[in-house]
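Visitor: Right, I'll just put the structure down here and ask away after.
The values are calculated or read from the model by the stated rules, or taken from the named source; none is laboratory data. Note that the coordinates shown come from a computational prediction; the quantities given were computed from them, not determined experimentally. Here the Cβ positions follow ideal geometry from the backbone for every residue, glycine too, while neighbour counts run over all protein chains shown.
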Amino acid sequence: MTSQFEFAASASTAAEVRTALRLTRSISATWWYGALAIVISQLIIVALLVDTLVEGGAGTLRAVGIGVGGMLWWLATLPPLFGYRHRAIDAPLMVWRKHLPSLLVATAFGLAAGLVTGVWVVGVLPVVQAAILLNWPPGVRLRVVLAVTGLLVALALIDVRLTLGENLAAGWPQVLFLSTVLPVVTVSSLWLWDVLVALDQARTSEARLAATHERLRLATDVHDLQGHHLQVIALQLELAERLMPRDPEAATEQLRAARASVDDARQGTRDLATRFRSVPLSDELANAVDLLRAACTDAEAVADPDAATAPASALGPVIRETTTNVLRHGGGRWARLSLTRSNGSWRYEISNDIATNAPRAPQDGGGGGSGLEGLRRRAAEEDGDLEVRRDGETFTVVVTVPAGDGSADEEVAG
């Protein structure tokens, strides 16, 4: 009985880990989109600035110098940008080893670019971008970006009216426009990442709270069940002890009653463990897909609308075993699962790609798993059938079991 409850606890923990993995990977992709938007915007500004200087006849040496300085500025912003991904909420405004080199390079490049071009926006933008990448508190960052964006817009108007004059048509409008919107692009990407991290943490906490609540409910049920039976058994044994000297026959009757109470307690514990171990097959399929996707496998599942009436006691272990076999022996690129009902029987099918150098007919799950022979025995115990196919690079397992009325499984699952 203890092993059954340990299984339930370990299953809940494994579900927590898979959920955390899935959430983390899903928001990581968003981080890379936002970070790439920032670094590509900076590269475009540097490229446009160099091209504008060349077209404007500023000289090859100056253009190359600005290009090299722009690339150094771009490289210097990468440590604080990518360090922002793992920053703590209470992080200090400036981490010297990350932010100080970026600020120094940005200041040097801004001074050089401003002197070479004579354009205010070009001289101020590198310093502004380095300052925005500091660990500003959430409310302060918005005010900072509004202030620096207003400053850049004002400087751009000064450059258009006074500094550039007739040279405005030589690519400068694009440089000025991208320079003024770069702080907004940067802060928007960082703000989106902060929101996603907060949501991810909230959803992970919710999953952990749900698992904790389930464990507490299990502990309460076990306490109520065992506490009641143990109290009854203790009273029966105490009564038998008192009756033994005067009425051995009555004492023996109480001992029989105590043994019956022990049997009731054991059966109640079995029923409780079965109830916690039984999972609706639609949830089994969803858990299998989550586990496969956590292993970077492109997994999909299709379940019949009446999957709740399918024999979970027969097909649940089959779904878990075949999923494990896919993880151990599959190619890891894709897997497709389905549970359908037709002609008075339930049909579970799982197909996946085959790992390189896989044996022609794998017969066991490895690592102590029951493998295909174990699945065949499970199907036979339910008067069902197992079919195994290998078509080229696709391996398919099909298990068919009689439909029955499904009432028992519905009652347990509920």
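Visitor: Hey, among Phe109, Phe177, which residue is in contact (Cβ under 8 Å) with a residue 24 or more places away in the chain, under 20 Å from Val46 (Cα atoms) and among the aromatic types (Phe, Trp, Tyr)? Don't jump to the end; show me each part of the working.
Guide: Values: Phe177 fails: in contact (Cβ under 8 Å) with a residue 24 or more places away in the chain.
Answer to the selection: Phe109.
Visitor: Of the residues that make up segment 102-109, is at least one assigned by TED's automatic domain parsing to the domain that holds Trp31, surrounded by fewer than 19 Cβ atoms within 10 Å (Cβ to Cβ), modelled with pLDDT of 90 or more and of a type in the set (Gly, Ala, Ser)? Give the derivation first.
Guide: At the first step, the residues of segment 102-109 found to be assigned by TED's automatic domain parsing to the domain that holds Trp31 are 102-109.
Narrowing further to those that are surrounded by fewer than 19 Cβ atoms within 10 Å (Cβ to Cβ): 104, 107-108.
Add one more test, that the residue is modelled with pLDDT of 90 or more, and what stays is 104, 107-108.
Then drop every residue that is not of a type in the set (Gly, Ala, Ser), which leaves 108.
So far as segment 102-109 goes, yes, one or more of its residues are assigned by TED's automatic domain parsing to the domain that holds Trp31, surrounded by fewer than 19 Cβ atoms within 10 Å (Cβ to Cβ), modelled with pLDDT of 90 or more and of a type in the set (Gly, Ala, Ser).
Visitor: Which is assigned by TED's automatic domain parsing to the domain that holds Pro183, hydroxyl-bearing (Ser, Thr, Tyr) and within 17 Å of Ala130 (Cα to Cα), of Thr77, Thr52? Before the answer, list the steps.
Guide: Details: Thr52 fails: within 17 Å of Ala130 (Cα to Cα).
Selected residue: Thr77, the only one of Thr77, Thr52 that is assigned by TED's automatic domain parsing to the domain that holds Pro183, hydroxyl-bearing (Ser, Thr, Tyr) and within 17 Å of Ala130 (Cα to Cα).
Visitor: Based on what the data block shows, is Glu321 acidic (Asp, Glu), under 25 Å from the mean Cα position of the chain (by Cα) and either closer than 20 Å to Asp383 by Cα or at pLDDT 90 or above (or both)? Walk me through it before giving the result.
Guide: Working: acidic (Asp, Glu): yes; under 25 Å from the mean Cα position of the chain (by Cα): yes; either closer than 20 Å to Asp383 by Cα or at pLDDT 90 or above (or both): yes.
It is true that Glu321 is acidic (Asp, Glu), under 25 Å from the mean Cα position of the chain (by Cα) and either closer than 20 Å to Asp383 by Cα or at pLDDT 90 or above (or both).
Visitor: I would also like to ask the following. If I filter segment 86-100 down to residues being of a type outside the set (A, V, I, L, M, F, W, C) and surrounded by 15 or more Cβ atoms within 10 Å (Cβ to Cβ), which single residue comes out as farthest from the chain's Cα centre (by Cα)? It would help to see each step written out before you state the result.
Guide: First pass over segment 86-100, keeping only residues of a type outside the set (A, V, I, L, M, F, W, C): 86-87, 90, 92, 97-99.
Filter once more, keeping what is surrounded by 15 or more Cβ atoms within 10 Å (Cβ to Cβ): 87, 98-99.
Working: Arg87: 19, Lys98: 29, His99: 30 Å.
Within segment 86-100, the match that is farthest from the chain's Cα centre (by Cα) is His99.
Visitor: Taking only segment 112-139 into account, find how many residues are within 15 Å of Tyr84 (Cβ to Cβ) and free of Cβ contacts under 8 Å to residues at least 60 places away in the same chain. Spell out how you get there, then give the answer.
Guide: Our first condition is that a residue be within 15 Å of Tyr84 (Cβ to Cβ); within segment 112-139, this holds for 129-138.
Checking the rest, the ones that are also free of Cβ contacts under 8 Å to residues at least 60 places away in the same chain come to 130-138.
Residues flagged as within 15 Å of Tyr84 (Cβ to Cβ) and free of Cβ contacts under 8 Å to residues at least 60 places away in the same chain within segment 112-139 amount to 9.
Visitor: Being part of a helix (DSSP H, G or I), within 22 Å of Thr52 (Cβ to Cβ) and not aliphatic (A, V, I, L, M) is the filter here, so list the residues in segment 111-148 that pass it.
Guide: Of all residues in segment 111-148, those part of a helix (DSSP H, G or I) come to 111-117, 120-132, 138-148.
Cutting the leftovers down to within 22 Å of Thr52 (Cβ to Cβ) gives us 111-117, 120-129.
Those that are part of a helix (DSSP H, G or I), within 22 Å of Thr52 (Cβ to Cβ) and not aliphatic (A, V, I, L, M): Gly114, Thr117, Trp120, Gly123, Pro126, Gln129.
Visitor: Please enumerate the residues belonging to segment 280-334 that are assigned to a loop (DSSP other than H, G, I, E, B) and surrounded by 17 or more Cβ atoms within 10 Å (Cβ to Cβ).
Guide: Of segment 280-334, the ones assigned to a loop (DSSP other than H, G, I, E, B) are 280, 295-297, 304-306, 310-311.
If the condition is that a residue be assigned to a loop (DSSP other than H, G, I, E, B) and surrounded by 17 or more Cβ atoms within 10 Å (Cβ to Cβ), then Pro280, Thr297, Asp304, Ala310, Pro311 are the ones that fit.
Visitor: Name, by its number, the condition in (1) surrounded by fewer than 16 Cβ atoms within 10 Å (Cβ to Cβ); (2) modelled with pLDDT of 90 or more; (3) among the small types (Gly, Ala, Ser) that does not hold for Ala76.
Guide: With respect to (1) surrounded by fewer than 16 Cβ atoms within 10 Å (Cβ to Cβ); (2) modelled with pLDDT of 90 or more; (3) among the small types (Gly, Ala, Ser), Ala76 is out only on (1).
Visitor: Give the number of residues within segment 59-73 that are surrounded by fewer than 18 Cβ atoms within 10 Å (Cβ to Cβ) and of a type in the set (Gly, Ala, Ser).
Guide: 3
Visitor: Now, a different point. When you scan segment 200-211, how many residues do you find that are more than 25 Å from Leu272 (Cα to Cα) and in contact (Cβ under 8 Å) with a residue 24 or more places away in the chain?
Guide: 3
Visitor: Does segment 82-90 include one or more residues that are outside any loop (DSSP other than H, G, I, E, B) and more than 20 Å from Val197 (Cβ to Cβ)? Steps first, answer last, please.
Guide: Applying the first criterion (outside any loop (DSSP other than H, G, I, E, B)) to segment 82-90 yields 82-86.
Right, trim to more than 20 Å from Val197 (Cβ to Cβ) and you get none.
For segment 82-90, residues outside any loop (DSSP other than H, G, I, E, B) and more than 20 Å from Val197 (Cβ to Cβ): absent.
Visitor: Okay, moving on. Out of (1) in contact with a helix residue (DSSP H, G or I) (Cβ under 6 Å, 6 or more places away or on another chain); (2) in the same structural domain as Val399 (by TED's automatic domain parsing); (3) in a helix (DSSP H, G or I), what's the single condition that is false for Gln236?
Guide: All conditions pass for Gln236, except number (2).
Visitor: Can you tell me which of Val140, Val184, Val119 is in the same structural domain as Pro79 (by TED's automatic domain parsing) and crowded, with 18+ Cβ neighbours inside 10 Å? I'd like the intermediate steps shown before the answer.
Guide: Numbers: Val140 fails: crowded, with 18+ Cβ neighbours inside 10 Å; Val184 fails: crowded, with 18+ Cβ neighbours inside 10 Å.
Matching residue, one of Val140, Val184, Val119: Val119.
Visitor: Picking from Glu214, Glu249, Glu253, which residue would you name as being without any contact (Cβ under 8 Å) to a residue 24 or more places away in the chain and surrounded by 11 or more Cβ atoms within 10 Å (Cβ to Cβ)? Please lay out each step first, then the result.
Guide: On the way: Glu214 fails: without any contact (Cβ under 8 Å) to a residue 24 or more places away in the chain; Glu249 fails: surrounded by 11 or more Cβ atoms within 10 Å (Cβ to Cβ).
Answer to the selection: Glu253.
Visitor: Is it the case, given these coordinates, that Arg320 is charged (D, E, K, R) and in the same structural domain as Asp224 (by TED's automatic domain parsing)?
Guide: Details: charged (D, E, K, R): yes; in the same structural domain as Asp224 (by TED's automatic domain parsing): no.
Here the answer is no, as Arg320 does not meet what is asked.
Visitor: Would a scan of segment 357-366 turn up a residue that is within 29 Å of the chain's Cα centre (by Cα) and modelled with pLDDT under 75?
Guide: Kept after step one, since they are within 29 Å of the chain's Cα centre (by Cα), are these residues of segment 357-366: 365-366.
Pick out the ones that are also modelled with pLDDT under 75 and you get 365-366.
Scanning segment 357-366 turns up at least one residue that is within 29 Å of the chain's Cα centre (by Cα) and modelled with pLDDT under 75.
Visitor: Kindly provide the set of residues from segment 45-58 that are acidic (Asp, Glu) and surrounded by 16 or more Cβ atoms within 10 Å (Cβ to Cβ), ordered by number. Quick ask: steps written out before the conclusion?
Guide: Filtering segment 45-58 for residues acidic (Asp, Glu) gives 51, 55.
Asp51 - this is the single residue of segment 45-58 that is acidic (Asp, Glu) and surrounded by 16 or more Cβ atoms within 10 Å (Cβ to Cβ).
Visitor: If you don't mind, there's one more thing I want to ask. Tell me which of these Val144 doesn't satisfy, since it passes every other one: (1) within 21 Å of Gly34 (Cα to Cα); (2) touching an Asp or Glu at 6+ places or on another chain (Cβ under 8 Å).
Guide: In the conditions (1) within 21 Å of Gly34 (Cα to Cα); (2) touching an Asp or Glu at 6+ places or on another chain (Cβ under 8 Å), Val144 misses (2) alone.
Visitor: Here are Leu230, Leu235: which of them is in contact (Cβ under 8 Å) with a residue 24 or more places away in the chain, surrounded by fewer than 17 Cβ atoms within 10 Å (Cβ to Cβ) and of a type outside the set (Gly, Ala, Ser)? Walk me through how you get there before you give the answer.
Guide: Working: Leu235 fails: in contact (Cβ under 8 Å) with a residue 24 or more places away in the chain.
Of Leu230, Leu235, the one residue that is in contact (Cβ under 8 Å) with a residue 24 or more places away in the chain, surrounded by fewer than 17 Cβ atoms within 10 Å (Cβ to Cβ) and of a type outside the set (Gly, Ala, Ser) is Leu230.
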